[in-house]
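The values are calculated or read from the model by the stated rules, or taken from the named source; none is laboratory data. What you see is a predicted model; the values in this text were computed from it and never measured. Every residue, glycine among them, receives a Cβ derived from its backbone with ideal geometry; neighbour counts consider all protein chains shown. Only protein heavy atoms, including side chains, enter the accessible area calculation; ligands, DNA and RNA are left aside. Shrake-Rupley method; radii C 1.70, N 1.55, O 1.52, S 1.80 Å.
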Amino acid sequence: MKNNELIKSFFQQFELLDETEIDQIVAQTTSQRIKKGEFFISEGFISQEVAFVKEGFFRHFIRDTSGEEKTYCLTFPNQMIAAYSSFISGDKTKEYIQAISNSEILILSKKSLENIFIESVNW
C-alpha cells in the first residue's frame, strides 16, 4: 500500500477529520528508513516529530538510575510513535525509541502539525 493510502486509512478510522484535513497531513509527511538498532529518539533530545510506522517494530524504553533498560512499550506497523511528553512540553525526553527491526516511518514535524492545527477546526 502506498504511503498516502496508509496514512489516510489510519486517520479515516477515527472519523474525526475530513478528506481535506487528512490530505494536509499526507502532504506534510516524509519517509525515513531506520535500521535495526538505530534510534528514532534518545534521552536528552527534544521531540520535534511524530511518525507513523509503515513497516518494522520499535521498542520504547527508559534507563533507571542504575542504567538498566526498562522497556515499557512496543510499537507495530500502522501505529504512531513519538516521545509525546517531550513533543508537547518542549522539554528533553527521558525515553528512547529504538528500531528492533529494519523499519520505515512516515514523519510529520511539529511545525507542520502546528500549522495544520491553525488551519483545521477539527484538530
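Here are some notes:
- Using only side-chain charges placed at the Cβ, +1 for Lys and Arg and -1 for Asp and Glu, the dipole size of the chain relative to its Cα centre rounds to 480 debye.
- Under-5 Å amide H pairs with Ile100, H placed in peptide plane, nonlocal only: Gly37, Phe57, Phe58, Arg59
- Reduced Cα scattering model of the chain, Debye log10 I(q)/I(0), q = 0.14 Å⁻¹: -0.62
- Greater than 20 Å apart at Cα, pairs in Lys2/Lys54; Lys70/Lys92; Lys36/Lys70; Lys70/Lys94; Lys2/Lys111: Lys2/Lys111
- By the helix-only formula, in which each DSSP H run with n ≥ 4 contributes -39500 (n - 2.57) and the sum is divided by residues, the chain has a 222 nm mean residue ellipticity of -8500 deg cm²/dmol.
- Taking the charge dipole of the chain about its Cα centre, with +1 at Lys and Arg Cβ atoms and -1 at Asp and Glu Cβ atoms, the residue from Pro77, Ile46, Gln98 reaching farthest to the positive side is Gln98.
- Longest site-free stretch - the chain; sites: trypsin sites (Lys or Arg not before Pro), DSSP loop, at most 15 other Cβ within 10 Å: 37-93
- Under-5 Å amide H pairs with Ile41, H placed in peptide plane, nonlocal only: Ile97
- Accessible-area composition of region 1-113, carbon plus sulfur, in percent [1.4 Å probe]: 52 percent
- The GNM of the chain, with springs linking C-alpha atoms under 10 angstrom apart, assigns the highest mean-square fluctuation among Gly67, Gly90, Gly37 to Gly67.
- Taking other residues whose beta carbon is less than 11 angstrom from the beta carbon of Gln98, and scoring Lys, Arg as +1 and Asp, Glu as -1, yields 0.
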